[in-house]
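Asker: Before I ask anything, let me first share the structure, which is written out below as structure tokens.
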Amino acid sequence: MADNLPSEFDVAVIGTGLPESIIAAACSRSGQRVLHVDLRSYYGGNWASFSFSGLLSWIKEKQEKTEVSEESEDWRKLILETEEAISLSKKDTTIQHVEDVCYISQDSAEDIEEAGALSKLPDLGGSDTNETAQQSEKGCLALDKQLGTKGCEMSPETIASNDLECTPEGEDTEVISERESSYDATSGHSTLETEKTENASTAEVSNLEPKKITYSQIVKEGRRFNIDLVSKVLYSQGLLIDLLIKSNVSRYAEFKNATRILVFREGKVEQVPCSRADVFNSKQLTMIEKRMLMKFLTFCLEYEQHPDEYQDYKDCTFSQYLKSQKLTPNLQHFILHSIAMVSESDSSTTDGLKATKKFLHCLGRYGNTPFLFPLYGQGEISQCFCRMCAVFGGTYCLRHSIQCLVVDKESGRCKAIIDHFGQRISANYFVVEDSYLSEETCTNADFQSSAHYRSIGSKDTVRPADLVHLTCSSTKTAKEDLEPVIQKLFILNDEKETESENGGGLEKPRVLWAVYFNMRDSAGIDRNSYDSLPPNVYICSGPDCALGNDYAVKQAETIFQEMFPKEEFCPPPPNPEDIVYDGDGTQPEDPGFSISPEPKAEPLPEESSNIENKVTEEHNE
Amino acid sequence: MHGRLKVKTTEEQAEAKRLEREKKLHQYKATTEAIFEKRRLGQLDKEGLELTSQILGANPDFATLWNFRREIFLHLEEEGSPEEMQALCQGELGFLESCLRVNPKSYGTWHHRCWVLERAPQPDWARELELCARFLESDERNFHCWDYRRFVAKRAQVPAEDELRFTDSLITRNFSNYSSWHYRSCLLPQLHPDPQHHGRLTEDVLLRELELVQNAFFTDPNDQSAWLYHRWLLGRADLEPTIHCIYVNREDACLAVAFSQPVRVTPGSHGLILLADEAPLTVEWHTPDGRNHPGVIWLCDLPASALNDHWPQHTFRVIWAPGQCQKECVLFKGRKDCWYRDSVTEEQVFRCELSVEKSTVLQAELESCKELQALEPDNKWCLLTIILLMRALDPLVYERETLRYFGALKATDPMRAAYLDDLRSKFLVENSILKMEYAEARVIDLSHRELTALGHLEHLLLVTHMNLAGNRLQHLPPALAALRCLEVLELDGNEIESLDGLPGLPRLQELSLRRNRLRRPSDLRPLTLCPCLAQLDLADNPLTNLPEAPAELANLLPAVHITLV
């Protein structure tokens, strides 16, 4: 379909990351003709989620040396004399230092297919023999904001929610458990995780005997995991949730509430008591601590009304303020690292109180923790907005690369794009994900380190394997940044040694397989960093370091408002009953354009059915 | 490429909505009429079920329609086979579930569900338990569903352990749940009964529960449910009413019995039996006010034969059959009265609020409540619990401290100041009674204690002198009738405005009412019921300023020496 695209649109969006997808939906919703393309074969850019095999392909792709482009420069002929081209990058440089390490036997992995997979896995490449692989190193800039430790380990087993209403439903057993956890390498001692409280569904009981897990098993069970490239969750109050609800995009996805928040402290992983029920049930707090914690948290909820309580500490750090409040070290640790999640060294009292308040405000809306996550991974959210865009007539093309932006010399405005088929497509506005802009155009960028782990705990026999996600802002390669942390939390080496070593003590989970990578954090890069961009070209950044998604939503809204200052941003869709077809009058109910937001039963317009197919393909692949 | 969509305007929407509602109303009315017509004609058929289901589906609180459905059910039951009934019940349960989804707090719906399950040939209790769990999942405080769950658990004979675990799980989720705590208080005495005290728990369980509930009130001290459960944990077993005092007066030819709790003595029954010199004596029992409502004091007149002076002594034995207790006293020749009374030791009286658990447990509880109070100085539940714990531990030792906490409590909860004053008065009266008993006196001094109410007067049956001067009493309670021996009553410096309610006191001789608020001579009319009254002091009351007062009073109380200045 890509070869006969219309040649004229109102808005062209390049890249399917979260901010681009939100903008695309907003534009389409307000009646603009939207073309949304992505060079990649999947939705979401760096916000994507993969099954295990999908992740392996992604790793392979990122590890491959990019072949020198031998593309024809034919498209240059399409540029008029009065125009100039800004060429777009066809190589994604936002991901670096990708290393995957396998810690378990890889029996005949080549023949294994993911259960339910349609096609054979891609070749696993060279890294699979390299058990203690130490690979390429490269320095990355450290981010100086946001050092808070965070991460979540959560399970989709708890509550399925529709329309964000958290209606408990019968749960499928497809996903064993998804854990994400991120780690602040600088503060050293604390991980915050959320984890399920329930046991995994009974379907997994067959794995009860503590059998060794092989690589082929992981591959086979690969579809049980939705692995996010970024470790983000949704705060259950905040810009993204508000937007999802307001725009009705929420009904395209299912969400679950994270069930626990854990902290790594003094060599142990403990649950963080954050809600009233948690505090009540907590065994590690004394009665007095319970009261002090509840009292402090209650105060934080309305701290603005009691300025006298913290006025004197305004210039101190939050951790100093906590100390002054006669909270026990235990409580200070919980509040600083797991509830406020702010830096110990440089977050002010007000920042800390604000962060605590936000956390507490989110509690209880959908469950006992403040976090929601999409059932099929973070990547789902971008796709949902794309879907909204498609429902309102947006056109979608994946694997579609754009050669350049065409800029009119006289007006300095961008007029069109030229795609890899050499088609020239004109539009009034252009939204571009920053990874498409070649490095010369951008002057600075930061990176974050990321690592995904699969681990098995011998105590944890019901689940054969868990997924752990660690993130920190990077100082070195992801592996260098995160390996010390992993050694604290997990067993990396050969099983026999460590078993005897650990004796009767607390057994750490064993790492089965890991991948490390650094991802660029371009949030906070000012538009001015890009040289001489036409005013009608808008730049969206990739995932930022924060746990929530507010940055992306804010960015999308700002860009949309700049483009269409008079239009409402993602207004609620009209009630299907209130829609009157106002066509040529002969067919009052044109089946080609029902905008019933029901995700399943809707007949979609021609173009948008494509996205639907693609969305489902991603799931069934 | 596509037609633009047009959205209805708000006016159009409103109009469409109005029409829709009109149509609904019309349907509702028509169906209701049809149902009543059918009922009038006695047509008990499936059509009736169908019609009522239409209305009840929308409005499950229409009780008459549930009744009609039951009539139809009973009728169909006579005709149909058990299989048909089972199918009908199945259908009904499904329908009821949909009604409950509309309104999960409808009395009628839950009641009908009980009714149907009791009639269903093969009730599926497991499914019902599952239904309860589901409804409590969405609202863990829905007491309708808790009621229903208890019904189901009883019918299905669910072990109490399982139900206890269920309450555990809900309390874990949200401890602010009265129903769940209440259910525990029903289940625990079944599972871990204290062999000595009916309705109480064994000590290890008690300690475990105390820890649980402490967790709750340390987490949220403003949540009442936990405090109320705590109070239940420390409460005492319900004691059977017993006789704790009897008194015989030769002159009045009267016998008085004081019970520990109000009882009803029905005339002609053999609940309360009097044996005079071991021979049953038929007497008429009555309360002091003659109304014979359940009360703590019961009186009877004695025939002259039972009191004659020929014998050296008369033995009076009173048997309270329902409580299986009996008490006796002996009236010796030449004595004008005699009595029996239980000694008022701490273990037996005044522990209505808290019982005697091991004092170590109470002491530990007191410590942790004090800790909490230090953190939450304004928490009224904590203050009240401290007071109750102190009373349970030792009312006299902690008297001053208790009064201090009462002051703090009143300051934090001014809305209940009057209640707290009364409670404090009650405790002070109890303490005075204890002190009097230790002194084995028949004189009680309750002066200058800021009392606003008088309690436990049944313990004062034998008191001859009572000093209530300098308190804040506004009136005198009818329960004063318990003071069968009272001769001198001092009420100087109170706030008494009227003597309404003052019962006749058979032996009252001196009454002092200086510095009160009596306005009219007629306010003193109740004193005409005190046959022995000889001295009355009314100085410094507003009525003394009335010129006609002396004459009126002399007229009203001719035999009494009245002081007005």
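Asker: Specify the residue that is nearest to the other protein chains (Cβ to nearest Cβ); the eligible residues are those in the stretch A:360-383 that are surrounded by fewer than 24 Cβ atoms within 10 Å (Cβ to Cβ) and in a helix (DSSP H, G or I).
Answerer: Checking each candidate, the answer is A:Leu360.
Asker: Counting residues that are within 14 Å of chain A (Cβ to nearest Cβ), which helices (runs of 4 or more DSSP H) fully inside the stretch B:1-80 reach at least 3?
Answerer: Per the criteria, B:10-41.
Asker: Can you name the residue in the stretch B:189-217 that is β-branched (Val, Ile, Thr) and surrounded by fewer than 19 Cβ atoms within 10 Å (Cβ to Cβ) and, of all such residues, is nearest to the other protein chains (Cβ to nearest Cβ)? First the steps, then the outcome.
Answerer: Narrowing the stretch B:189-217 to residues β-branched (Val, Ile, Thr): B:202, B:205, B:213.
Remaining after also requiring surrounded by fewer than 19 Cβ atoms within 10 Å (Cβ to Cβ): B:202, B:205.
Values: B:Thr202: 23, B:Val205: 19 Å.
Here the answer is B:Val205.
Asker: Residue check, A:Leu262 against (1) within 13 Å of chain B (Cβ to nearest Cβ); (2) surrounded by 15 or more Cβ atoms within 10 Å (Cβ to Cβ), all met but one. Which one?
Answerer: All conditions pass for A:Leu262, except number (1).
Asker: Condition (residue is closer than 26 Å to A:Glu557 by Cβ and either within 14 Å of chain B (Cβ to nearest Cβ) or of a type in the set (Val, Ile, Thr) (or both)) applied to the stretch A:271-288: is it met by at least one residue? Even if it seems obvious, please write down each step before you answer.
Answerer: Applying the first criterion (closer than 26 Å to A:Glu557 by Cβ) to the stretch A:271-288 yields none.
No, the stretch A:271-288 contains no residue that is closer than 26 Å to A:Glu557 by Cβ and either within 14 Å of chain B (Cβ to nearest Cβ) or of a type in the set (Val, Ile, Thr) (or both).
Asker: As an exercise: evaluate B:Val397 against (1) surrounded by fewer than 17 Cβ atoms within 10 Å (Cβ to Cβ); (2) assigned by the TED database to the domain that holds B:Glu497 and give the number of the one condition it does not meet.
Answerer: (2)
Asker: Now, a different point. List every residue pair whose Cβ atoms sit under 7 Å apart, with the two residues 6 or more apart in sequence or on different chains, where the first one lies in the stretch B:414-425 and is surrounded by 16 or more Cβ atoms within 10 Å (Cβ to Cβ) and the second, anywhere, is assigned to a helix (DSSP H, G or I).
Answerer: That search, which allows pairs on different chains as well, returns B:Leu420/B:Phe406; B:Leu420/B:Leu409; B:Leu420/B:Lys410; B:Arg424/B:Phe406.
Asker: Condition first: within 14 Å of chain A (Cβ to nearest Cβ), in contact with a Leu (Cβ under 7 Å, 6 or more places away or on another chain) and closer than 30 Å to A:Leu285 by Cβ. Can you find one or more residues in the stretch B:218-230 that meet it?
Answerer: yes
Asker: Right, here's the next one. I need every pair where a residue in the stretch B:359-379 that is within 11 Å of chain A (Cβ to nearest Cβ) has its Cβ under 8 Å from the Cβ of a residue that is among the charged types (D, E, K, R) and assigned to a helix (DSSP H, G or I), sequence separation at least 6 or different chains.
Answerer: Listed by first residue and then by second, the contacts come to B:Leu372/A:Arg291; B:Leu375/A:Arg291; B:Leu375/A:Lys295; B:Glu376/A:Arg291; B:Glu376/A:Lys295.
Asker: Just to check your reading of the model, which residue among A:Lys256, A:Lys246 is touching a residue at least 12 places away in the same chain (Cβ under 8 Å), among the charged types (D, E, K, R) and not in a helix (DSSP H, G or I)?
Answerer: Working: A:Lys246 fails: not in a helix (DSSP H, G or I).
That would be A:Lys256, the only listed residue that is touching a residue at least 12 places away in the same chain (Cβ under 8 Å), among the charged types (D, E, K, R) and not in a helix (DSSP H, G or I).
Asker: So A:Lys314 ticks every box in (1) basic (Lys, Arg); (2) more than 14 Å from chain B (Cβ to nearest Cβ); (3) within 22 Å of B:Thr172 (Cα to Cα) but one. Which box is left unticked?
Answerer: With (1) basic (Lys, Arg); (2) more than 14 Å from chain B (Cβ to nearest Cβ); (3) within 22 Å of B:Thr172 (Cα to Cα) applied to A:Lys314, the lone miss is (3).
Asker: Does any residue of the stretch B:242-250 turn out to be of a type in the set (Val, Ile, Thr) and at pLDDT 90 or above? Let's see the steps before the verdict.
Answerer: Filtering the stretch B:242-250 down to residues of a type in the set (Val, Ile, Thr) leaves B:242-243, B:246, B:248.
Next, from what is left, pick out any that are at pLDDT 90 or above: B:246, B:248.
Within the stretch B:242-250, one or more residues are of a type in the set (Val, Ile, Thr) and at pLDDT 90 or above.
Asker: Continuing with this model, one more query. Within the stretch A:303-310, is there a residue that is part of a loop (DSSP other than H, G, I, E, B) and assigned by the TED database to the domain that holds A:Leu336?
Answerer: Step one: list which residues in the stretch A:303-310 are part of a loop (DSSP other than H, G, I, E, B), which gives A:306, A:310.
Those still in the list that are assigned by the TED database to the domain that holds A:Leu336 too: A:306, A:310.
Yes: the stretch A:303-310 contains one or more residues that are part of a loop (DSSP other than H, G, I, E, B) and assigned by the TED database to the domain that holds A:Leu336.
Asker: Is it the case that some residue within the stretch B:129-136 is more than 14 Å from chain A (Cβ to nearest Cβ), in a loop (DSSP other than H, G, I, E, B), under 32 Å from the mean Cα position of the chain (by Cα) and under 19 Å from B:Val102 (Cα atoms)?
Answerer: There is no residue in the stretch B:129-136 that is more than 14 Å from chain A (Cβ to nearest Cβ), in a loop (DSSP other than H, G, I, E, B), under 32 Å from the mean Cα position of the chain (by Cα) and under 19 Å from B:Val102 (Cα atoms).
Asker: Looking at (1) free of Cβ contacts under 8 Å to residues at least 60 places away in the same chain; (2) surrounded by 16 or more Cβ atoms within 10 Å (Cβ to Cβ), can you tell me which one A:Glu61 breaks?
Answerer: Here A:Glu61 clears every test but (2).
Asker: Next up: Test B:Leu274 against the criterion of being part of a strand (DSSP E or B) and crowded, with 20+ Cβ neighbours inside 10 Å, and give yes or no.
Answerer: Details: part of a strand (DSSP E or B): yes; crowded, with 20+ Cβ neighbours inside 10 Å: yes.
Yes; evaluated as a whole, the condition is true for this residue.
Asker: Moving to a separate point now. With the structure loaded, tell me whether B:Ser176 is among the hydroxyl-bearing types (Ser, Thr, Tyr), within 14 Å of chain A (Cβ to nearest Cβ) and not in a helix (DSSP H, G or I) or whether it fails that test. Outline the logic, then answer.
Answerer: Values: among the hydroxyl-bearing types (Ser, Thr, Tyr): yes; within 14 Å of chain A (Cβ to nearest Cβ): yes; not in a helix (DSSP H, G or I): yes.
So B:Ser176 fits the description; yes.
The values are calculated or read from the model by the stated rules, or taken from the named source; none is laboratory data. All values reported here derive from a predicted model rather than from experimental measurement. Every residue, glycine as well, gets a Cβ built from its backbone with ideal geometry; the counts of neighbours run over all protein chains shown.
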